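The values are calculated or read from the model by the stated rules, or taken from the named source; none is laboratory data. Given the structure is predicted, the values throughout are model-derived calculations rather than measurements. We place every Cβ from the backbone using ideal geometry, glycine too, and count neighbours over all the protein chains shown. The protein model used for the area step is the full one, side chains on, heavy atoms only, and it has no ligands, DNA or RNA in it. Shrake-Rupley method; radii C 1.70, N 1.55, O 1.52, S 1.80 Å.
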Amino acid sequence: MTQDHSFNHSDWSPDELRRALEAASVALWSWHVDSDDLLMDSHGYTLWGVTKAEPLTFERLSDKIHPADRDRVRAAFAATRAVVGPYETDFRIIVGSDVRWISARGRGSDAGIKDRKMTGIFLDVTGRKNAEESHELLAGEMSHRVKNLLAIAAGLTQITSRSSDSVQTMTQQLTSRLTALGRAHDLVRPLPNGQGNAALLGDIFTVLLAPYDDEGAFAGRIRVAVPRLGVGETAATGLALVIHELATNAMKYGALSVAEGTLDVSGTISGDAVEIQWSERGGPDVVKPDGPGGYGSKLLHRTLAGHLGGTLEYDWSKDGLLVKLHIDGGRLSS
């Protein structure tokens, strides 16, 4: 004979049921659908932040419901008078300065309800809801970043194709620019409590310029000393392009094209603006280019104006090239 190990309600004592409910943070409620009287256990009063000083009704309790959810929840509870079977609805309540997510579960009005009373539970699902919102925000952010990168990649492809005289040159230039963008985006991480994304200004310069520094005897000829400022995703993208273009030019024609050359990047804050100085020393003789400049120069000016709300100044001194970047501080954190 097979022994039946299934449990019946009678197998559980009231004390055992109470401990199980407390462990699950479940609150019990009973609602009289005609008089609107509402009863809850002690955990329910704590969960909703109400006292037993006054008679409790659903209408009084609903004042705690978030204004954006209140009408929906009231309609859902009113509809249970005519709905047969179980139902469930999630909503927010406001307790002091806290916003909590509650899942209300019960049964609709049917012949099985005695004395026109309904019973159910309130379950605090704040943790689950916050996790779901975090996942949705992360998914939305990733989608946004991918779309931005694709748009920038398309623009870079057009610009690079115009300034290249061969497929090989275009491939090298485009790969380098896209790699710089990738490094910058690797630095941008979500901030806690939904405050956006940020990387440190100094980290962006250091990481992007690291491939241009030498090893061995000439290591450390690139020095970065900028204010400790946060850089947002949009600004990081533009800044990466600017740094890459300046470093590429320094490698081709400037201080980084010779072993003795050095590069100093410094910065100051003036009011709402950030000024970055790019100073090259020890390179070949500096020659100011004729004309308005090539596509690289146009890319620099366009990026600074569009992404960073800034301007670019060149000082073609004999000691070495000096570039001043004027950046809108507000744009830098965006």
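Summary of computed values
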read-out	value
Index of the failed condition, residue 300 passing every other in (1) closer than 14 Å to residue 240 by Cα; (2) open to solvent by 70 Å² or more (accessible area, probe 1.4 Å)	(2)
Among the candidates 261, 238, 271, 310, residue that is open to solvent by less than 60 Å² (accessible area, probe 1.4 Å) and out of contact with any Leu (no Cβ under 6 Å at 6 or more places or on another chain)	261
Residue count for the stretch 177-234, restricted to those that are at pLDDT below 80, of a type in the set (Asp, Glu) and either farther than 26 Å from residue 131 by Cα or surrounded by fewer than 19 Cβ atoms within 10 Å (Cβ to Cβ) (or both)	4
Looking only at the stretch 28-42, and only at residues there that are more than 22 Å from residue 18 (Cα to Cα) and not polar (S, T, N, Q), the one that is surrounded by the most Cβ atoms within 10 Å (Cβ to Cβ)	33
Selected residue (only one of 250, 259, 305, 255 is under 30 Å from the mean Cα position of the chain (by Cα), within 23 Å of residue 176 (Cβ to Cβ) and not acidic (Asp, Glu))	305
Filter result for residue 15 (open to solvent by 80 Å² or more (accessible area, probe 1.4 Å), over 42 Å from the mean Cα position of the chain (by Cα) and touching a residue at least 40 places away in the same chain (Cβ under 8 Å))	no
Subset of the stretch 22-40 that is outside any helix (DSSP H, G or I) and out of contact with any helix residue (DSSP H, G or I) (no Cβ under 8 Å at 6 or more places or on another chain) - its residue that is farthest from residue 90 (Cα to Cα)	35
Residue tally, condition surrounded by 13 or more Cβ atoms within 10 Å (Cβ to Cβ) and either assigned to a strand (DSSP E or B) or among the hydrophobic types (A, V, I, L, M, F, W, C) (or both), over the stretch 43-68	8
Near pairs, Cβ below 7 angstrom, 6+ apart or cross-chain, from the stretch 30-47 (free of Cβ contacts under 8 Å to residues at least 40 places away in the same chain) to any residue that is open to solvent by 20 Å² or more (accessible area, probe 1.4 Å) and of a type in the set (Lys, Arg)	45/52
Lone unmet requirement of (1) out of contact with any strand residue (DSSP E or B) (no Cβ under 6 Å at 6 or more places or on another chain); (2) crowded, with 19+ Cβ neighbours inside 10 Å for residue 255	(1)
